[in-house]
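Report on the structure given below.
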Amino acid sequence: MRIPSTDSVELEVHDLGGEGPPLLFAHATGFHGRVWEPLATHLSGFHQWSIDMRAHGDSDAPKDRPLEWYGFADDVLSVVDALGFDKPFGVGHSKGAAALLLAEQARPGTFRALYLFEPVVVPTDFVSGHNPDNPLSNGARRRRDTFDSFDEAFDNYASKPPFNTLHPEVLRVYVDHGFAENADGAVSLKCLPENEAEVYAHGMSHHAFASLHDVSCPVTIAMGVENAVPAVFGRKIADALPNGTVASFPELAHFGPLEDPRTIASSIFDSFSTVI
């Protein structure tokens, strides 16, 4: 399904099935909406949808606008409006989690409840401007973007960190829908390395933390091991929210929903069950 957003962007939106109130998934930087499929199979009681955010998956990159993160909030609100959702539930990971918060802040009352795994939301003292020279951006620019086949890409990712921590079903979905086949049979990343690098370059330039008081719906801040950014800020985020709680998974890392979809699906259900 194609849905228009701002900045001449058309978004690819995926109906993941199920019955019940709507639930919208938002993915992390460099991924795409279909990586939620393995988790969705463990989560009942909702009609589940996911977005390929701008410049990711099969969605367009914006025209005449940088890949700053308020654009991802536009994508979220565009999908909510186009699908006619009335107070959907929202589940986000990393950049996607921040996008859901920014969307709720832009239009308070949009979501019934949010479940956010390690949102990239830094306290105000850590906010900076556009910074293209950072480890994540530099690593993205060096990322190998073409392989001889889908299987070669899968085997490459499965053999080295950080993707080797992904559940095999998630990694298979990521590769099969995150690469496009070229005329010569090789496959190339749909999320271009330069676009991924620009998303990271804007990651600490938004001001979601300063407006957490505007988010009145119940919000669960979920975290893996808490000794690294962004998880290290998770409890501060929860404390700053009017209705924030914490879910801790010290056995998982930043890719938690993609590492252990069943466990995180159970946590999502428990989080939302009190407000269904």
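Within segment 259-267, does at least one residue satisfy the condition of being open to solvent by 10 Å² or more (accessible area, probe 1.4 Å) and assigned to a loop (DSSP other than H, G, I, E, B)?
yes
Could you tell me how many of the residues in segment 247-268 are more than 18 Å from the chain's Cα centre (by Cα) and either in contact (Cβ under 8 Å) with a residue 40 or more places away in the chain or farther than 24 Å from PHE163 by Cβ (or both)?
Going through segment 247-268 one residue at a time, the tally reaches 1.
Counting just the residues of segment 203-232 that are of a type outside the set (S, T, N, Q) and in contact with a Phe, Trp or Tyr (Cβ under 6 Å, 6 or more places away or on another chain), which one comes out nearest to SER137 (Cα to Cα)?
Here the answer is HIS206.
Out of the residues in segment 72-93 meeting the condition of being buried (at least 23 other Cβ atoms within 10 Å of the Cβ) and touching a Lys or Arg at 6+ places or on another chain (Cβ under 6 Å), tell me which one is farthest from GLY129 (Cα to Cα).
Applying the filter and picking the extreme gives PHE89.
Within segment 132-141, work out how many residues are surrounded by 14 or more Cβ atoms within 10 Å (Cβ to Cβ) and either of a type in the set (Phe, Trp, Tyr) or not in a helix (DSSP H, G or I) (or both).
Summing the residues that are surrounded by 14 or more Cβ atoms within 10 Å (Cβ to Cβ) and either of a type in the set (Phe, Trp, Tyr) or not in a helix (DSSP H, G or I) (or both) in segment 132-141 gives 1.
Are there strands (runs of 3 or more DSSP E) fully within segment 142-253 with at least 1 residues that are aromatic (Phe, Trp, Tyr) and open to solvent by less than 50 Å² (accessible area, probe 1.4 Å)? List them.
179-181
Can you tell me how many residues in segment 207-244 are free of Cβ contacts under 8 Å to residues at least 40 places away in the same chain and within 16 Å of PHE111 (Cα to Cα)?
So the count comes out to 5.
Can you give me the number of residues within segment 1-36 that are under 24 Å from PHE269 (Cβ atoms) and of a type in the set (A, V, I, L, M)?
7
Answer with yes or no whether THR124 is of a type in the set (Val, Ile, Thr) and without any contact (Cβ under 8 Å) to a residue 60 or more places away in the chain.
Against the criterion (of a type in the set (Val, Ile, Thr) and without any contact (Cβ under 8 Å) to a residue 60 or more places away in the chain), THR124 does not qualify.
Does any residue of segment 3-22 turn out to be among the hydroxyl-bearing types (Ser, Thr, Tyr) and within 11 Å of the chain's Cα centre (by Cα)?
no
Find the residue count for segment 106-120, including only residues that are open to solvent by less than 10 Å² (accessible area, probe 1.4 Å) and at positive phi.
The total comes to 1.
The values are calculated or read from the model by the stated rules, or taken from the named source; none is laboratory data. This one's a predicted model, so the numbers in the text were calculated from it and none came from an experiment. As a convention, Cβ positions derive from the backbone with ideal geometry for all residues, glycine included, and neighbour counts pool all protein chains shown. These accessible areas exclude ligands, DNA and RNA; they are computed on the full protein's heavy atoms, side chains included. Shrake-Rupley method; radii C 1.70, N 1.55, O 1.52, S 1.80 Å.
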